[in-house]
Each structure stands twice: as C-alpha cells, then as structure tokens.
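What follows is a single structure, written as structure tokens, with notes after it.
None of the figures in this text is laboratory data; all of them are computed from the coordinates on show. None of these values were measured; they are calculated from a predicted model. Heads up, the Cβs are rebuilt from the backbone with ideal geometry, glycines too, and the neighbour counts pull from every protein chain shown.
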Amino acid sequence: MNGSTADTVAAVGSDGSFALEGEWTVLRAAELRPVLAGVVAGGATRLDLSHITEFDSAGLQLLVAARRSAAARGVALAFDAPSPAVRALAAVYRLDAGLQSPGAGT
C-alpha cells in the first residue's frame, strides 16, 4: 500500500458499492476519515472490506462512524466480506455480529 487515499476507497458498482483497501489504522485515520465520510455522504450503501490488510481500533471507529452517519440519513450501510484483520479485531470488541450485512445469517 502506498498510502494514497485513491488506492484506499474505490467505487465498484453503480449500486453504491465501494471497496476499502489497505491499511485502516491509527497512522492513517486522520487521512481516511474525510474520504470515508464523503463516500457515505455521496450515497454509499455497501462497503467491501475484503481487501483491508491492516486494521486497528481507529479503523473500527471509522466504520462505526460511517454506519452511524448513514443511519442518520436513513441508509442501512452494509459491510461485505470483512477481511481476516477486520474480523479478528471486531471479535475482540465483540462487534463481529455488527459486521453482518442486513439479512445475512450468522
């Protein structure tokens, strides 16, 4: 990962789907916060988390904030295919069930 936000969030469909990639850690949180906020404000409905390689509590905070922001606009923001790094940290905080997409089984 070269640290470019252009390489961190990419539109993957015309249905409001975006892919998140690379490092979502405290080292990049200040840079990523406005990017993710803009994606959500622009109508994102699904975030593919499968290509996140590093993830810490700052990254988790960004995802929680994004979901809350979307919910405030009446949008259910889905998190798809969380990477092993995302799943591991979410489990530590007992938030792994919150990564399920609406309607997904456990």
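At-a-glance table
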quantity	calculated
Mean residue ellipticity (222 nm) of the chain, computed from DSSP H runs ≥ 4 via -39,500 (n - 2.57), nearest 500	-11500 deg cm²/dmol
Net lengthening on full extension, Gln61/Arg33 (0.36 nm per residue, minus Cα-Cα)	9.1 nm
Tail fraction, Cα-Cα pairs, the chain, threshold 19 Å, whole percent	36 percent
FRET efficiency, Glu54 to Ser14 (Cβ-Cβ, R0 25 Å, nearest 0.05)	0.30
